[in-house]
Amino acid sequence: MSEIDPLEAPALLLRMVPETAEHIAEMYEMPAAEAVRSEAAEYDTFALLDEAFTRPVVQPELRRASPDFELMSRCFEFVDLMVRSSTRALTGPVHFQVLEALLEEEMFLERTIPFMQERTRKETAQMLIGYGNPVPEELLR
């Protein structure tokens, strides 16, 4: 996939992870398909990732005894696309609202590693090193 236009990221999130629709609609008080085309969603990627993706979709799934493989694969495919972006308008929000959120509960990071693609693994390892945290060996593979 080519470079993501930051203005298209909300619509891409909805397409790749339709489980976010209810949360997007609630955030913006309009149907999700309309909301992702609104200026509010386009310019508030931090809130969108936190309130419609990480907290209501990713984290609850990671708390399950057996996270849904297909859902988590799609979630981290989206994360990897954001991480590979050359623009801080995407890499900043995904770093702070998704990758750092993996440190909130011990099991989160461990459970996401199998779903991470190479670039996301590298970014996560660098984040852990930067915070002086141990880096799980699985991230270095």
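Read-outs throughout are calculated quantities, based only on the coordinates presented, and are distinct from any laboratory measurement. Predicted model, so just to flag it, every value in this text is computed and none were measured. Cβ: placed from backbone, ideal geometry, glycine included. Neighbour counts: every protein chain shown.
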Inset, instruction - Please determine, in degrees from 0 to 90 and to the nearest 10, the orientation of helix 69-83 with respect to the longest principal axis defined by the Cα atoms of the chain, where the helix direction is its Cα long axis. - result: 80
Legend entry - As computed over the chain, the Cα convex hull volume per residue (Å³): 101
Inset, instruction - Rounded to whole Hz and in sequence order, give me ³J(HN,Hα) for segment 131-138 from the Karplus expression 6.51 cos²θ - 1.76 cosθ + 1.60, θ = phi - 60°, writing x for Gly and Pro. - result: 8, x, 8, x, 9, x, 4, 4
Inset, instruction - Just check segment 64-141 against the gyration tensor rule for me: Cα atoms, a ≥ b ≥ c as the square roots of the eigenvalues, rounded for a/c under 1.5, and otherwise prolate or oblate depending on whether a/b exceeds b/c. - result: oblate
Inset, instruction - May I ask you to list the residues of segment 111-132 whose amide nitrogen lies under 20 Å from a point 7 Å from Cα along the Cα→beta-carbon direction of MET16? - result: 111-127
Legend entry - Positive-end extreme of charge dipole, the chain - chosen from PRO136, ALA65, PRO31 (charges on Cβ): PRO136
Inset, instruction - Determine the gain in length on full extension of the stretch ARG63-LEU7; use 0.36 nm per residue of separation and subtract their C-alpha separation, reporting nm with one decimal. - result: 17.1 nm
